[in-house]
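In what follows, a single structure is set out as structure tokens and then discussed.
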Amino acid sequence: MRNLATASVPAAPRDYRAALVGILGAVALVLAILGIHAQLNGASFWSALLAPNRADLHQVLVRDSLLPRIAMTLLCGAALALAGTLAQQVLRNPLAEPMTLGIFPGAYLALTIAELWAPSWLMGGRTLVALAGGTLAMLLVFGLAWRQRMSSLAVILSGMIVNLYCGAISLAISMSNFDLLRGLMIWGGGALDQSGWHESTQLLWGVLACVVATVLLRRPLGVFEAGDSTVQSLGISLQRTRFAALLIAVVLTACVVSTVGVIGFVGLAAPTLARLAGARRLHQRLIWAPCLGAALLWATDEIVQAVSATELFSAHLVPTGTVTSLLGVPLLMLLLPRLRSQPDLHASAIAHGPAARLARRLPWAVAGLAVVLTLSFAVSRGIGGWHVAHAAQIDALLFWRLPHTVAAMSAGVLLALAGTLIQRVTANPMASPDLLGVSSGGALGIVVVLLAGLQPTPGLLFAGCLIGAMTTLALLLWLGGRASFAPERLLLIGVGISALFQAIVSAMLASGDPRAGLLMNFVVGSTYYVEPVAAYAAGSIALAALVLGPLMARWLETLGLGAAMAGSLGVPVVRARLSILLLAALLTATATLLVGPLSFVGLIAPHIARYSGARRPAVQMFVAAIFGALLMGFADWLGRQLWFPQEMPAGLVATLIGGPYLLVLTLRKSVAST
């Protein structure tokens, strides 16, 4: 009986909180001791700490650089973990944190704008500017997710979209002011280097103020786990408490980003690890999550410093914030199964335009394409202002302008066709090579080729880009299969891959690596460096795709009925999906080499074709190709004129044009399909 009674009692959940913090802290402490010992070069640590010899550079560096860096790392890790814990609690969203809510990129963009065009704003303190930018970005995220009743996936998806778009704007600003913003780019990667105790002391006071505010809110915050109705029945103001908690999270993030830059995903990892380690109640997470955040960031920073000291990386700067992003994106993907609520983003929620509308709009689209060609060849901006070229001048410059125009328009056609294929085969109207991360996966393949030290020949770059795009598609299919191919999960995985690519690019640009300049040409999507042979090859691939794509129209239309129905109608489902996705990967890889990984044309062109009345897959592909060529051709011409004599790359201009459309599309109220 005693054994039976003992067996019926459930075992107490294991508690790993102290062990996890202890292991991370021990790793960080050992590495810190080794680094300080190497820096002191035989001098006494206590004398360097209490009474340093100012003539000894080693002692000065330990007291005024290494030790303040450790203090700054602990404060930043704890602050971001606390911000993530508060956001996750009031939004009841396990993926909420300053990066996924768009706070970090909004704050960084605000500081970038202030640094260039409004330096007087910084007189009142960088924290206030960062606070304003982060708050506006978070309000935009909530506005985008409001239509979907603030569901978990809607909030995170909106946050990642705002993240990508703010990153694109920051990249556009950096392109035109690279020399002025080089230091800001290094800082923006999460640089924890210190030159004294002043900044860490200021951050300490800001964190302490937020901790006091959190303690005052701890009781109403604890009730949030019971649900909104319970909170309101107890007389607690739901909206005020949520606003106060999110304000504390934004202030903590602003304090960090204004001091050391962007350190992503610590606010995601620390609360999650604390919960998994045994901190299941809020008051436990409010204590253990900051401890874990501090230990995690400290260990990461010490590892980064140890790696940076090796011969391979000694010539390059590796920002700690970028490394945390590289670790955080895989963690975000692993946590996707914990999301329960889903926004309504299915294909049935997006209406087609009337079929009769196509006959009216198609001539206008063709006329617009003719106008873009005229602008590209005949209208330009020079030293004396705007200029319209005559026939002889057009003929003289045709050898230079024709390849650029062919490359840009071919990229538009390729992205439009790839976007149509992916949207049809995934039954996801928000899918595109850009948002699903296929373009970013291809660009990662280019990065691997460059980092491997291989000769960057066009063939090798194309092979790396194609392998990267296909690998990303395979990853999407594998992870999507685990989530029953839910369109929202595929989209969020893709956005995470895009964020991972942005982190790698930021690390290379800030590191001083001489290959970063070559990488920049592929990232921003400039047609300026495209060789005529490559441009005409891309045009040939685009023409071939216009022939091959419609041949798959029956598969696309039948797959839209579901895999079971398609199989019963004689469609080889697996082979059809694989063939369609392989073609989409080939088109995406070619376009990525021409205009970079982000342009949103792959999303916009299929939607414009759909709203114009192109219902059938084959018709939609042709119409989307026309609009894709029009949009990318116009972006290429506009990029050459905006900041003459400098050039704004076509891919970046298309991103800036397409971003507002993406935001409006996300804000649209779902309507029934006709």
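Yes/no per residue for (1) under 25 Å from Gly196 (Cα atoms); (2) surrounded by fewer than 20 Cβ atoms within 10 Å (Cβ to Cβ):
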site: Ala71; (1), (2): yes, yes
site: Leu74; (1), (2): yes, no
site: Ala83; (1), (2): no, no
site: Leu91; (1), (2): no, no
site: Gly102; (1), (2): no, no
site: Gly106; (1), (2): no, no
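Of the residues Leu61, Leu4, which is of a type in the set (A, V, I, L, M, F, W, C) and at pLDDT below 80?
Leu4
So which of Leu268, Leu247, Leu273, Leu252 is in the same structural domain as Ala213 (by TED's automatic domain parsing) and either among the β-branched types (Val, Ile, Thr) or surrounded by fewer than 23 Cβ atoms within 10 Å (Cβ to Cβ) (or both)?
Being in the same structural domain as Ala213 (by TED's automatic domain parsing) and either among the β-branched types (Val, Ile, Thr) or surrounded by fewer than 23 Cβ atoms within 10 Å (Cβ to Cβ) (or both) holds for just one of Leu268, Leu247, Leu273, Leu252, which is Leu247.
If I ask for residues that are among the small types (Gly, Ala, Ser) and either in contact with a Leu (Cβ under 9 Å, 6 or more places away or on another chain) or over 23 Å from Leu414 (Cα atoms) (or both), which ones from the stretch 444-459 would you list? Steps first, answer last, please.
Step one: of the stretch 444-459, the residues among the small types (Gly, Ala, Ser) are 445, 452-453, 459.
Matches in the stretch 444-459: Gly445, Ala452, Gly453.
Suppose we filter Ala71, Ala38, Ala28 for residues that are over 31 Å from the mean Cα position of the chain (by Cα) and of a type in the set (A, V, I, L, M, F, W, C); which single one remains?
On the way: Ala71 fails: over 31 Å from the mean Cα position of the chain (by Cα); Ala28 fails: over 31 Å from the mean Cα position of the chain (by Cα).
On inspection, the qualifying residue turns out to be Ala38.
Between Leu375, Leu421, which is over 26 Å from the mean Cα position of the chain (by Cα) and assigned to a helix (DSSP H, G or I)? Before the answer, list the steps.
Working: Leu421 fails: over 26 Å from the mean Cα position of the chain (by Cα).
Answer to the selection: Leu375.
If you scan the stretch 16-32, which residues turn out to be farther than 20 Å from Ala306 by Cα and surrounded by 18 or more Cβ atoms within 10 Å (Cβ to Cβ)?
Arg17, Leu20, Val21
The values are calculated or read from the model by the stated rules, or taken from the named source; none is laboratory data. Note that the structure is a prediction, hence the values are computed from the model and not measured. Because the Cβ atoms are built from the backbone with ideal geometry, glycine has one as well, and the counts that use them run over all protein chains shown.
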